[in-house]
Each structure stands twice: as structure tokens, then as C-alpha cells.
Amino acid sequence: MTVAIVDYGMGNIKSIESALKYLGIKNISLTNSYDILEKADKLILPGVGSFRHAMDNIKALNLDQSLHELVINKKKPILGICLGMQLMTKSSCEDGFTLGLNFIDAEVTRFEQNSFRIPHVGFNQVNVDSNLNLYHEMSGAVDFYFTHSYKVLSNQPLHQCLCNYGSDFIASFEVNNIAGVQFHPELSQHNGLKLLNNFIKRF
Amino acid sequence: MLRKRIIFTLIYSNGNFMQSRNFRLQKVGDINWLEKNYKFQKIAFSLDELIVLNASRDEKSTLEFAKIINRLADDVFIPIAAGGGIRSIEDAELLFKNGADKIILNSPLIDDKDLVKKLVQKYGSQSIVASVDYRRTGEQHEVYIHDGATKLDLSLQKYISYLEQLHIGEIYLNSIDQDGTGFGYDISTIEEVAKFVTVPLIIAGGAGNELHLMEGLNTDHVSAVATANLFNFIGDGLPKAREKVILNGLNIAKWLY
């Protein structure tokens, strides 16, 4: 099993590597080379920071085209984490309108200004669907660690599971070989390790 | 519902982890010792967050400290906040690269406001924790920086409001008087601060058993309870404390798998 973490210069890579090592994955690479990404069994798209900045970096490295080829044409399994998940949508309104990778029919918007403090930071519960591959052998409301100011919304069937913080938003989705989680499984103890293991084993 | 948190604070100084009492440090052991005797990875599974403070009193080497963070980050799958001795963007970057998810600032909050602003801009408010050390003198509070060595000429309320204007993400409120005593948190001060603080409040100083943790978690506007008490909580102390906190129905995350 080889896992490639897509390197575009943003995100806490160290924690993802540690979690994968804990799960017994020996071949982990951090790369933006098409050849190495192409050889990997699974891809992880990480990310912390601004959507616009991330897309600029991704385009500068030609990763938008590489990922489109690998994920859409070659159907390679990919998991987007936090900003990585948001980048898979059509667009975001962060720092002005920015187009995303357009893997799924969804959009990124800012949390509404209400009495809930933004960013949404901490452990919160996701209502999981045990029939999904991501949540195999998991059920009910499961705690995961979130830290974000923008959220993903969609009217399309994406096998989404929701979390509530002032209002409902998409905490995860999975469509065939493409999965995304708004939370950080690598920072969510056994709950997150179980989810990462499900991605590795079932996609 | 957003959960409250139980945090363990590891105090590091020149190669060793320390037990602190009223800010006087006593050596406990190095990282190998921590892993071997305290099976730290196992203990970390009963935490929601780990804080690691570099309390070296002479020249604080961020390079050495970052290596410790890197090693701890191999073992824990929760957010790590690290700080003590951050004096530049490069220091912060080094800690983030080695696995820190947040950084903790104390002295630069007064000594280098520009650095604080730059760090907030670069990493976002949610990544910046302001550590506030204080002592009680009767009804008043004295705020300290420089590892408790320099007293500020500001009330606790004015200081916290100043920090909020700098857009720091959280306050780590630590009572020097209660620190390491195991006598419980300074709840009356915490209740007072809870009335005016607008960012998440982490309380520290004094927790000696799970009842103290619960008392803290039950206080309005407290987002997290921290303890640095290696002697009282390490071993099976933390797993048992977490179990009791959950049995008592408090709002903390459950690790099911």
C-alpha cells in the first residue's frame, strides 16, 4: 500500500503522516510529481489556509491538471481533508470568488454571522451513515476535530453526512473514488484513525 | 454540539519534562523516560489536546524544542499547541512544521506586538493561544510575563481585552498561586474572567483530581480545563478521570473506536 500526500505547500502534513504510520502504512510520500502520484494506491489532499492561495499554488504546480487526470479519468481514490475537501468543490467565496477543482457539485460559503463564534474550532459531532465506506462499522453521532471558517453546501446527492454549528453543513461526502472530510481525522483520536483506515481499506 | 476539552500541559526545560509548583521547576525525566514509564501515547488517548511549554529559563532553543514536538506528534492524534520562547516568525514556522497545530505566546504579547499581529495574519486567530499568568493579591490580580518574573501595570480585565484586540484565538489562564498545588482551580477568578472574556477560555493551575476537572468544566464559558500535574494524572490517572467526567454527563468528546 502506498499513499501519496499531495504537496502544494499548505497544511499540517506531519500529523497526517504520523496517523498513516500508526495505521501501518509504510510507503508514504509527500509529492507534487505526476509520476509519483500516479504510482500511489491512494491520494490525500491536505490543506490549512486560504482557498485562493491554495488554488494559486495548485495551478502554479500544474496539479489541477494532474489531479483531474488521476481522479476523474483514472478514478484513483482520493481523500480531501479540511481545505483539501473544500478545494474539490466548484468554487469558494473566500477572498473573492475563486474556482475550485470541480470534482463535486458543491460550493464553499462563509458561516453566517450569528451568536456562534467563527471559526468553528474543536470537537463536534457528525451524524454518520454506517452504509458509507468512510463510516464502515461506525454509527450514530461521532466526534471529530474541526477548525474552519468556511463551509461546504450542496443540493446534490453526494452521500453527505452533516454536522451542525449554528446551521447544518457538509462534514463529509463520498462519491465513488472521491471522498472529502471537513474535519481533521488525523487529530480526532480513535474516531479519526478508524475513518482513515476505512479510506485506506475500502476505497 | 461543540465539546469542551481536557488538556494536558507538558512543561519542558533543557531536555527534560518538569513538574512545576508555583513556577518553580522540578525535573521529572526526558522524553524517553516519558514514553517508557508513562506510556505517553496511551495516556494521550484520553486527552482532547496537548499543550507543550518550553520553560527553559536561560536561552530558549526553539530548534531543540521543535525536535521534541516532532517526536510527540508521532505519538498523539489530537491538536498540539506549543510555545515558550517564540521570538520570530521563523520560530513559529519551525514549530508548525514539526507538528504543532497552534502556538502559545506569552512575553511577546507585550514585548513584540508586531510579531503577534504578523503571526495572527499568517496563521489565523484560531492558531494563536495567549498564555496569561497571574497572581492574586486580596481582591486584585497581578499579571506577569517573562516566566512570572515581570509584573505588568495592567488589570487582568484590561490585559485580556488588550489581547482580544490583538485577535488572539484563545486565552490560557494560569494561576501562579495554584500552579502545581493540586488544590483545585481558582474558580472565583475564573468566574470573574468568564464574565468579560469573548474568546475560548482554557483554565490552568491547581487541578489535582477529576473533581477539579469537573468543577472547571461546569463553570460557564470555560472551553477547556488543563492540568500539568504529572504526578497526579499520569499513569492511569487521566484515563480514569476522563471516564468519570463522561459518566457524569459532561460535554466532552467520546472516543468510540
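A few remarks follow.
- Identity of the residue in the range A:26-59, of a type in the set (A, V, I, L, M) and part of a loop (DSSP other than H, G, I, E, B), that ends up nearest to the other protein chains (Cβ to nearest Cβ): A:V48
- Scanning the range B:179-189 for residues that are within 22 Å of B:I11 (Cα to Cα) and either buried (at least 22 other Cβ atoms within 10 Å of the Cβ) or out of contact with any helix residue (DSSP H, G or I) (no Cβ under 9 Å at 6 or more places or on another chain) (or both) gives B:D179, B:G180, B:T181, B:Y185, B:D186.
- Among residues of the range A:152-188, those that are of a type in the set (D, E, K, R), under 16 Å from the mean Cα position of the chain (by Cα) and within 14 Å of chain B (Cβ to nearest Cβ), counted: 1
- Some residue of the range A:16-25 being more than 14 Å from chain B (Cβ to nearest Cβ), of a type in the set (A, V, I, L, M) and either in a loop (DSSP other than H, G, I, E, B) or surrounded by fewer than 20 Cβ atoms within 10 Å (Cβ to Cβ) (or both): no
- Test for B:K42: is it surrounded by fewer than 20 Cβ atoms within 10 Å (Cβ to Cβ), more than 21 Å from A:N12 (Cβ to Cβ), within 14 Å of chain A (Cβ to nearest Cβ) and at pLDDT below 95: yes
- Options A:F103, A:F116: the member that is more than 9 Å from chain B (Cβ to nearest Cβ), aromatic (F, W, Y) and over 15 Å from A:H184 (Cβ atoms): A:F103
- Within the range B:191-216, tally of residues that are part of a helix (DSSP H, G or I), over 20 Å from B:K42 (Cα atoms) and more than 15 Å from the chain's Cα centre (by Cα): 10
Residues are listed down the side, and each one gets a yes or a no for (1) more than 25 Å from A:K26 (Cα to Cα); (2) surrounded by fewer than 24 Cβ atoms within 10 Å (Cβ to Cβ); (3) touching a residue at least 12 places away in the same chain (Cβ under 8 Å); (4) touching a helix residue (DSSP H, G or I) at 6+ places or on another chain (Cβ under 8 Å):
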residue: A:D41; (1), (2), (3), (4): no, yes, yes, no
residue: A:V48; (1), (2), (3), (4): no, yes, yes, yes
residue: A:A54; (1), (2), (3), (4): yes, no, yes, yes
residue: A:L79; (1), (2), (3), (4): no, no, yes, yes
residue: A:S91; (1), (2), (3), (4): yes, yes, yes, no
residue: A:L99; (1), (2), (3), (4): yes, yes, yes, yes
residue: A:D105; (1), (2), (3), (4): yes, yes, yes, no
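- Looking across the range B:116-161, just one residue is assigned to a loop (DSSP other than H, G, I, E, B), hydrophobic (A, V, I, L, M, F, W, C) and either surrounded by fewer than 14 Cβ atoms within 10 Å (Cβ to Cβ) or in contact with a Lys or Arg (Cβ under 8 Å, 6 or more places away or on another chain) (or both), and that is B:A149.
- First in the range B:126-153 and within 14 Å of chain A (Cβ to nearest Cβ), second anywhere and of a type in the set (V, I, T) and surrounded by fewer than 20 Cβ atoms within 10 Å (Cβ to Cβ), Cβ under 7 Å, 6 or more apart: B:I128/B:V120
- Residues of the range B:1-17 that are away from every other protein chain (no Cβ under 14 Å), more than 14 Å from B:I202 (Cβ to Cβ) and in contact (Cβ under 8 Å) with a residue 60 or more places away in the chain: B:L10, B:I11, B:Y12, B:F17.
- Residue count for the range A:189-203, restricted to those that are among the hydrophobic types (A, V, I, L, M, F, W, C) and either more than 10 Å from chain B (Cβ to nearest Cβ) or assigned to a strand (DSSP E or B) (or both): 3.
- Screening the candidates A:S66, A:S167 for the property of being crowded, with 17+ Cβ neighbours inside 10 Å and polar (S, T, N, Q) yields one hit, A:S66.
The values are calculated or read from the model by the stated rules, or taken from the named source; none is laboratory data. All values derive from a computational prediction rather than experimental measurement. For neighbour counting, all protein chains shown are included, and Cβ atoms are generated from backbone atoms with ideal geometry for every residue, glycine included.
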